[in-house]
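Have a look at the structure below before the remarks.
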Amino acid sequence: VSKSRKEVHSSGHWHRSIHVWLINPKGELLVQRRSEFKDTFPNRWDVSVGGHITSGYGSRDTATKEIKEELGISIQEADLEFLFTIATSARGETESHGKFVCNEYKDLYLLRYEGNKSEIR
C-alpha cells in the first residue's frame, strides 16, 4: 500500500523510514538543521540523513538515494553498516501543516565518511 507523507502523518499510520548517522575519522557526528518548511519538527536539529521508504524501494537503496539528495555525496550500499531497527512514535503540531502523528519503523545505519567535509552540501 502506497500513501503520501502527508497522509501517513495526519492519520498516524505506521510506516518505514531510514536514518543514517554519518561519522568522520575523528568520531564526530554530522547533524543537520531541518528546513523551516518541514511538516514535522521544522528548524530542529536532526540526524545526518533521514527519509521515508517509498513503495517499491528497499531500506539500503533508500538510504543511498537520501544521502545523495541531502548531502550530495555518492556511496555504495555496502558502505552502510546496519545498526538496528527501532519503532518510534511522535506527535506534534506545526503552524503550516497542523497536527501530526509520526509512527515509524526506522532502520538505522552508520556511515563512516572519510571524504573531505567540503564535499558535503
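Some observations on this one:
- Only a single item in (1) open to solvent by 60 Å² or more (accessible area, probe 1.4 Å); (2) at pLDDT below 90; (3) within 13 Å of the chain's Cα centre (by Cα) is not met by Glu7, and it is number (3).
- Residue in the range 97-105 that is of a type outside the set (Lys, Arg), surrounded by fewer than 18 Cβ atoms within 10 Å (Cβ to Cβ), under 12 Å from the mean Cα position of the chain (by Cα) and in a strand (DSSP E or B) present: yes
- Cβ-Cβ under 9 Å pairs, at least 6 apart or on other chains, the range 93-121 side without any contact (Cβ under 8 Å) to a residue 24 or more places away in the chain, far side open to solvent by less than 90 Å² (accessible area, probe 1.4 Å) and in a strand (DSSP E or B): Glu93/Phe100
- Of all residues in the range 75-92, those being in contact (Cβ under 8 Å) with a residue 24 or more places away in the chain and outside any strand (DSSP E or B) number 2.
The values are calculated or read from the model by the stated rules, or taken from the named source; none is laboratory data. Not measured: the values here are computed from a predicted model. Here Cβ is always computed from backbone atoms with ideal geometry, including for glycine, and neighbour counts include all displayed protein chains. The area values use the complete protein model at the heavy-atom level, side chains included, leaving out ligands, DNA and RNA. Shrake-Rupley method; radii C 1.70, N 1.55, O 1.52, S 1.80 Å.
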